[in-house]
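Everything below concerns the one structure shown next.
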Amino acid sequence: MSLRKSILSRRISRSFKSVNNHKDDGAAVVSGRLGGDNWSESWAESDPVDGWASMLPELLGEIIKRVEESEDRWPQRQSVVACACVCKKWREITKEIVKSPRNNGKITFPSCLKQPGPRDLPHQCLIKRNKKTSTFYLYLALPPSFMDKGKFLLAARRYRHGAHTEYIISLDADDLSQGSNAYVGKLSSDFLGTNFTIYDSQPPHSGAKPSSSRASRRFASKQISPQVPAGNFKVGQVSYKFNLLKSRGPRRMVCSLKCPLSQVNTNDKHFDELQVNTNDKHLDDSKMKETESSISGCTVLRNKAPRWHEHLQCWCLNFHGRVTVASVKNFQLVATLDQSQPGGKGDEETVLLQFGKVGDDTFTMDYRQPLSAFQAFAICLTSFGTKLACE
């Protein structure tokens, strides 16, 4: 029997003991029918191939449910992932029990990285930068300390292609190429570093067409899913405002995003439909306003305006203790929507994404619905590097 199944057998045995200890909720009746605590180990040893799939659905669902409820943090949550890796039947039941991050606030599978974050409490993450290799690592923050790593989520590496810069985003920290099976998307910038386009390796909705630009055709992406062809699909744009006076004020940025309609909470009218206008080259003050009013159903995120602190002689934002080092890179994004659309009012007080510095190469990233971890990470990557016309 394989090591993974042996480990799972021991976990199941512990789950049976837990079931027996919960006699008040009727779980002991399930265990009694199957012959006690040692049934799971003898059953797994007798038929290691088909035995895992032949468990009673009610019993299997109860076991996975208890594992899901008890292992609510990483690294313990890897037990939930292990349950989904046993066989097809286990995977289907695990998928039914484990909810999306928007509903339970937990990141479990890689697919969760492209699903909206929680609605109420944001996911708190860390970004670690390696200047020598131009590599950035995204972690789900677990310990209270800013300096400790948590659960690895994504990695990105910066590449220069002529006058343009690209960030390749991957699930594998050791394989940061667009031809990798771990490739999830990329971020592309212009020469000035003020306009960025976010590309997803998977289509955001049915009928979406991949980018046909020469830069996108340069790399041959492998097929990530047999059902969904891989490619480069435009899913967002980030633009920084030109600073003609060269004053040392805070950066001003605007993001326009589109997400799969299935990701949107239908109870929130101001997130009814997310679309992006990827044809705009520059977004100054007038064009920013024009973009917000002309794109039907578009969700636009703008940086929250900081206030000038007279005593400290600096621009300030309230990061609620999540940012400790002053930096021009620090920002908070709020939603502003098209006021002319029915129900299209934005919430300029709720911060959907905040990013800030806590160490020389350590930054915090907190995001919530409707942003996914992938989108939030891509937006934060735009803050690195010099903005020639903005500062």
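The values are calculated or read from the model by the stated rules, or taken from the named source; none is laboratory data. Here the structure is a predicted model, which is why all the values come from computation and not from measurement. With ideal geometry, Cβ positions are generated from the backbone for all residues, glycine too; neighbour counts draw on all protein chains shown.
Summary table below
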{"quantity": "Single residue of the stretch 232-260 satisfying the filter (under 19 Å from the mean Cα position of the chain (by Cα) and either more than 17 Å from S189 (Cβ to Cβ) or in a loop (DSSP other than H, G, I, E, B) (or both)) that is modelled with the highest pLDDT", "calculated": "F233"}
{"quantity": "Verdict on I127 being closer than 26 Å to Y183 by Cβ, of a type in the set (A, V, I, L, M) and in a loop (DSSP other than H, G, I, E, B)", "calculated": "no"}
{"quantity": "Conditions (1) in a loop (DSSP other than H, G, I, E, B); (2) among the acidic types (D, E); (3) crowded, with 18+ Cβ neighbours inside 10 Å; number of the one not met by D172", "calculated": "(3)"}
{"quantity": "Residue check for K128: assigned by the TED database to the domain that holds H320, surrounded by fewer than 17 Cβ atoms within 10 Å (Cβ to Cβ) and either modelled with pLDDT under 90 or under 22 Å from D175 (Cα atoms) (or both)", "calculated": "no"}
{"quantity": "Selection status of D148, modelled with pLDDT under 85 and farther than 22 Å from F384 by Cα", "calculated": "no"}
{"quantity": "So I93, is it of a type in the set (A, V, I, L, M), more than 22 Å from L371 (Cα to Cα) and under 22 Å from the mean Cα position of the chain (by Cα)", "calculated": "no"}
{"quantity": "Enumeration of residues in the stretch 317-358 that are surrounded by fewer than 16 Cβ atoms within 10 Å (Cβ to Cβ) and at pLDDT below 85", "calculated": "Q339, S340, P342, G343, K345, D347, E348, E349"}
{"quantity": "Flag for K95 being modelled with pLDDT under 85 and either outside any helix (DSSP H, G or I) or surrounded by 19 or more Cβ atoms within 10 Å (Cβ to Cβ) (or both)", "calculated": "no"}
{"quantity": "Among the candidates L140, L121, L154, residue that is modelled with pLDDT of 95 or more, closer than 26 Å to T94 by Cα and not small (G, A, S)", "calculated": "L154"}
{"quantity": "Qualifying residue in the stretch 110-117 (condition: surrounded by 21 or more Cβ atoms within 10 Å (Cβ to Cβ), touching a Gly at 6+ places or on another chain (Cβ under 6 Å), modelled with pLDDT of 85 or more and assigned to a strand (DSSP E or B))", "calculated": "no"}
{"quantity": "Among (1) surrounded by fewer than 19 Cβ atoms within 10 Å (Cβ to Cβ); (2) in a helix (DSSP H, G or I); (3) free of Cβ contacts under 8 Å to residues at least 40 places away in the same chain - the single one S79 does not satisfy", "calculated": "(3)"}
{"quantity": "Residue in the stretch 61-76 that is nearest to the chain's Cα centre (by Cα), counting only those that are acidic (D, E), assigned to a helix (DSSP H, G or I) and at pLDDT below 85", "calculated": "E68"}
